[in-house]
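Right, I'll just put the structure down here and ask away after.
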Amino acid sequence: MGILNVTPDSFYAPSRKQSEESIRQRVDEITSGGATFIDVGAYSTRPGAELISAEEEMSRLRFALPIIREANVKNLILSVDTFRGDVARMCVEEYGVDIINDISGGEFDPTLFPTLSRLHVPYVLSHIKGDIHTMHQETTYSNIVREMFFYFSTKIKMLHDLGVCDIILDPGFGFSKLYYHNYEVMGHLQDFKEFQLPILVGISRKSMITKLLHIPTEETLNATTALNAIALTKGADIIRVHDVQQANEAVTLYHFTNLGKFR
């Protein structure tokens, strides 16, 4: 899953694409790099990011989505990263978006889950604690894996009760977790296969890497690729990345080595 941010303030500066030409170039990078999905974000949720209105988020997406649709000649699966019900509805009904990718688990907007029940598209359910203002401070756990299991069990039941059954789990690396919590969750990633749902992992160039290795974000490609490979061995079905070609090479090597694709 290749990341395309139509924001001025996402944490990794090279991912920010706001002009028509830069969006087209990024779509070409994602498609030529071998991705299956394009994930479009119009609202940065990094620590300290500006809070924007639903109208501004929709305006950014209304500009970008037609460009992406036209440039996406391989018709990759189109995902939008939003936590708002009205934004999700617009994206699906007006632009035919295939997946809603929500960092909040339905916590930031109570209209999202009921909206999903009417849209009938796959939904990425992420683990998080707190709200839009406190999510990066809510980092206390007695047993993080156990708490995440309870969280996912509760949210999945809520969604099933609304008729939403096409769910992808995202452990929420980097959200409501200190850097070492992320590695504990990665170490137990295979346990989440118990839910019998696809697992999405998004660790690309995140601070869990910079804080452990004491390197700047610009130097995290090698470590990101290594962690993506570890995630694949532990059951990840989708890896969400900035650097698509390198991630696709890791996927190819994993499949060739582990899934019997030999001469």
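A short reminder: the numbers here are calculations on the coordinates, not readings from a lab. Quick caveat: nothing in here was measured; it's all calculated off a predicted structure. Don't worry about glycine lacking a Cβ; one is built from the backbone with ideal geometry, like all the others, and counts go over all protein chains shown.
Taking other Cβ within 10 Å of each residue's Cβ, how do ASP109, ASP161 sort, fewest first? Intermediate values should be presented prior to the final figure.
Numbers: ASP109 19, ASP161 10.
So the ranking, lowest neighbour count to highest, is ASP161, ASP109.
May I pose another question? Could you give the longest part of the chain that holds none of the GluC sites (Glu not before Pro) found in DSSP loops with at most 16 neighbouring Cβ atoms within 10 Å?
Numbers: sites that count: GLU50, GLU138.
Within the chain, the longest run free of exposed GluC sites (Glu not before Pro) spans 139-263.
I'd like to know which of SER117, GLN25, ILE239 lies farthest towards the positive end of the charge dipole of segment 2-258, counting +1 on Cβ of Lys and Arg and -1 on Cβ of Asp and Glu.
ILE239
Do the sum for the chain: with -39,500 (n - 2.57) for every DSSP H run of n ≥ 4, divided by all residues, what is the mean residue ellipticity at 222 nm, to the nearest 500 deg cm²/dmol?
On the way: 9 runs with 112 residues, N = 263.
Only helices count here, giving -13500 deg cm²/dmol.
Mind checking the full-extension length gain between HIS188 and GLU249? Use 0.36 nm per residue of separation minus the Cα-Cα distance, one decimal, nm. Walk me through the numbers before you get to the answer.
Numbers: separation 61, 0.36 × 61 = 21.96 nm, distance 2.41 nm.
Once the chain is fully extended between HIS188 and GLU249, it gains 19.6 nm.
Around VAL201, what is the net charge, scoring Lys/Arg as +1 and Asp/Glu as -1 over all other residues with Cβ under 12 Å from its Cβ? Each step should come with its number before you reach the end.
On the way: positive: LYS206, LYS234, ARG240; negative: ASP170, ASP237.
Charge balance in the 12 Å sphere: +1.
Round to the nearest 0.05 the FRET efficiency obtained for THR139 and ILE215 when R0 = 35 Å and r is the Cβ-Cβ distance. Numbers along the way, then the final one.
Values: r = 22 Å, r/R0 = 0.63.
Efficiency at R0 = 35 Å is approximately 0.95.
Looking at ASN143, PRO8, CYS91, which one has the Cα that reaches farthest to the positive end of the dipole of the chain (charges on Cβ: Lys, Arg +1; Asp, Glu -1)?
ASN143
Another question, then. Taking 0.36 nm per intervening residue step and subtracting the Cα-Cα distance, what contour gain separates ASP161 from TYR180 on full extension? Spell out each step's value before the answer.
Working: separation 19, 0.36 × 19 = 6.84 nm, distance 3.44 nm.
Additional length available on full extension: 3.4 nm.
Given +1 on the Cβ of Lys and Arg, -1 on the Cβ of Asp and Glu, and no further charges, what dipole in debye does segment 2-258 carry about its Cα centre, rounded to the nearest 20?
On the way: 23 positive and 33 negative charges, 80 e Å.
That gives segment 2-258 a dipole magnitude of about 380 debye.
For each pair in LYS74/LYS155; LYS177/LYS234; LYS74/LYS157; LYS17/LYS74; LYS206/LYS234, compute the distance between the two Cα atoms and list the pairs where it is over 25 Å. The partial results should precede the final answer.
Working: LYS74/LYS155 34 Å; LYS177/LYS234 20 Å; LYS74/LYS157 35 Å; LYS17/LYS74 20 Å; LYS206/LYS234 19 Å.
Correct reply: LYS74/LYS155; LYS74/LYS157.
Using Cα pairs closer than 8 Å and at least 6 residues apart in sequence, work out the relative contact order for segment 2-258, in percent. Display every interim value, and only then the final one.
On the way: 425 pairs, mean separation 41.4, N = 257.
Averaging sequence separation for qualifying contacts and normalising by length gives 16 percent for segment 2-258.
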